[in-house]
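Read-outs: derived from the displayed coordinates by stated rules, not from any lab. None of these values were measured; they are calculated from a predicted model. Here the Cβ positions follow ideal geometry from the backbone for every residue, glycine too, while neighbour counts run over all protein chains shown.
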Amino acid sequence: MSENKNMPSILQMIKNFSRDLAVYIAKGSPNVTEEDYKERLETCETCPSFNKHAMRCTTCGCLVEHKAKWKTTVCPEDKWKAQNEKE
């Protein structure tokens, strides 16, 4: 995949992570099911914006293995299925 694609700046990655973390905490830290987590990771692994070496999305800079667990997060390229926060 896209091993050499540039990541967002450190400042942008901090902003992205901070925004996602704040929403995740505010909503009570809900996680996706194990099945949805695996599906999200598989989706990321086949995406051209995935840097396998860094385990990061090169669009948003997130650490995929963590962000994929959070029910409140979305793929910046809209490749994950929608999650119902009330489940």
* Candidate set from the range 51-77 (those that are farther than 17 Å from L21 by Cβ and hydrophobic (A, V, I, L, M, F, W, C)); member that is farthest from the chain's Cα centre (by Cα) -> A54
* To do: For the range 1-72, please list each of the helices (runs of 4 or more DSSP H) lying entirely inside it that holds at least 1 residues being surrounded by 16 or more Cβ atoms within 10 Å (Cβ to Cβ) and in contact with a Gly (Cβ under 8 Å, 6 or more places away or on another chain).
  => 10-26
* Report the residue count in the range 14-59 for those that are touching a strand residue (DSSP E or B) at 6+ places or on another chain (Cβ under 9 Å) and farther than 24 Å from A82 by Cβ. => 2
